[in-house]
Each structure stands twice: as C-alpha cells, then as structure tokens.
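Undergrad: Please read through the structure below; I'll follow up with questions.
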Amino acid sequence: MGQCGITSSKTVLVFLNLIFWAAAGILCYVGAYVFITYDDYDHFFEDVYTLIPAVIIIAVGALLFITGLIGCCATVRESHCGLTTFVVILLLVFMTEVAVVVLGYVYRAKVEDEVNSSIIKVYDEYNGTNSNSQSRAIDYVQRQLQCCGIHNYSDWQNTRWYKESKNNSVPISCCKTITGICTGSLTHPEDLYQEGCEALVVKKLKEIMMYVIWTALTFAAIQMLGMLCACVVLCRRSRDPPYEPLITGGTYA
C-alpha cells in the first residue's frame, strides 16, 4: 500500500514538473506583457515601483524552470537530497508568489490615484506632433480604448493645445472608427467617442494587475501540490527499511 502511494506521488510529481516548465513560460509572458503595457501607459504613472510585481513574476518564471528540471531528475532517481532541494526551492517560490499577490493588490489600489494625479498634466502637454511623447501616448490611448478627453470630449476645450489651435476641434484620435469622414470638429460631436479616458485607463491597468495576481495565485496552488507530493515520497522513503539481500543455499548442521 505504501509503495502504491509512493508511485502515485511520483507520477503526479513528474506531471507537475512538466506543468512547472509550462508555468515558467506563462509567468515570463505575463511579466513581459505588463512591461509592454506599462510602456504604452507610462505617462499616466509617476510611481515606477508599480512594475515590481512584473519584475518578480519574471524572476519566478525563470526560477520555476530550473526547479522543474531539478524536480524531474530528483523524482526519477528518488534522490533524497534532490527532493529536499526541490521542496525548499518550491517553498521559496511559493513565498515569492504570495509577495507578488500582496504587492499586486497594493499597487492595484494605487492605480486610480496615480492616474488621477497625472492625467491632467499629460493632456495639457499635448501638442499634436509625433515628436512629443505625451501626444503619442494620448493618441494611442484614445484609439486603443476608444475614448476622448479625460471625462469626455469637452475636456479638450480646457487644454493648451485647443486654445492655441483655435479651430474648435479635438484630435483625430477621438474620431470613431466607424465614421467615414471625421475632422474632430466639435460641431459634429456624434462623430467622436463619448466616453472619457481616465476611467478606462484605470480599468485597463487594474485588469492587467489582476492578471498578475490570478496567475501568481494559480501557480502557487500548483506548487503547494508539488511540495505535498515531494514530501510524501520523502517521508515514505525515510520509513522504508534498508534493503537486505536474501541469502539462500546455506545449510546448518
């Protein structure tokens, strides 16, 4: 019965190590996705520490790949030292992912305040040229999120760009994609996106942070199962009596 438990635990452990390799790729992808998205929205952030969860999750992905390799070798060979190392590393990775979840929730709560404190400044620095990074960021966000202005398109009337241009229009990036001809003129507000960008940027960034949190939670649960199976194999092996060869063929007088 004990041998059956060991075999089952080893089978599950080998399967989990294969999952760890896949998880390593997924974690690195999620971290890279956060970095890429941050690059598109970085003008709406002043706190660069928001990227800390992404940095940690990429590091965890790399470590998890190495852990999977150690776990497979140790499981196949039933190495006590290897399995112990495997459990210790998994425990460290698990604790790191818990830290990612905590930091994710902390920075997710700060997203709205960060965006609110910077978005007005970004819009006020818009000049409509590609050479201006704020202009590129705003045009990208308005096209990507299908929004216009901070709260709505009328917010553009309070910007320096609108006052200097004096053409009673908003940027072309405010135009609906379904509209055939749109110049951004406020005389045809039906051609413009009606929703403001502030709420949508906050929503987008919070969603991204939730991807990080749920990814970390999911793989933390899998790692707990991996640690449990490794501990079962270790405990069973430590209780097994040492192997003694059977001596046959001898007779006694």
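Undergrad: Mind listing whichever residues of segment 140-151 are under 11 Å from Glu195 (Cα atoms) and in contact with a Phe, Trp or Tyr (Cβ under 9 Å, 6 or more places away or on another chain)?
TA: Gln142, Leu145, Gln146, Cys147, Cys148, Gly149, Ile150
Undergrad: Run Arg237 past the list (1) closer than 16 Å to Gly61 by Cα; (2) modelled with pLDDT under 80 and report the number of the one that doesn't hold.
TA: (1)
Undergrad: Search segment 176-233 for residues being polar (S, T, N, Q) and surrounded by 15 or more Cβ atoms within 10 Å (Cβ to Cβ), and hand back the single one that is farthest from the chain's Cα centre (by Cα).
TA: Gln223
Undergrad: Exactly one condition in (1) under 23 Å from His43 (Cβ atoms); (2) loosely packed, with under 14 Cβ neighbours inside 10 Å; (3) among the charged types (D, E, K, R) is false for Asp155; which is it?
TA: (2)
Undergrad: Next question, about the same structure. Note down all Cβ pairs under 7 Å where the first residue falls in segment 206-224 and is closer than 14 Å to Leu51 by Cα, the second is surrounded by fewer than 16 Cβ atoms within 10 Å (Cβ to Cβ) and hydroxyl-bearing (Ser, Thr, Tyr), and they're at least six residues apart or on different chains.
TA: Once the first residue is closer than 14 Å to Leu51 by Cα and sits in segment 206-224, its partners that are surrounded by fewer than 16 Cβ atoms within 10 Å (Cβ to Cβ) and hydroxyl-bearing (Ser, Thr, Tyr) give Ile213/Tyr105.
Undergrad: Please count how many residues of segment 108-131 are open to solvent by 60 Å² or more (accessible area, probe 1.4 Å), within 20 Å of the chain's Cα centre (by Cα) and not acidic (Asp, Glu).
TA: Residues meeting the conditions: 3.
Undergrad: Considering only residues that are in contact (Cβ under 8 Å) with a residue 12 or more places away in the chain and farther than 22 Å from Ala221 by Cα, look in segment 71-107 and name the one that is surrounded by the most Cβ atoms within 10 Å (Cβ to Cβ).
TA: The extreme case among them is Tyr107.
The values are calculated or read from the model by the stated rules, or taken from the named source; none is laboratory data. Not measured: the values here are computed from a predicted model. Methodologically, a virtual Cβ is constructed for each residue, glycine included, from the backbone with ideal geometry; neighbour enumeration extends over all protein chains shown. What goes into the accessible areas is simple: the full protein's heavy atoms, side chains included, and nothing from ligands, DNA or RNA. Shrake-Rupley method; radii C 1.70, N 1.55, O 1.52, S 1.80 Å.
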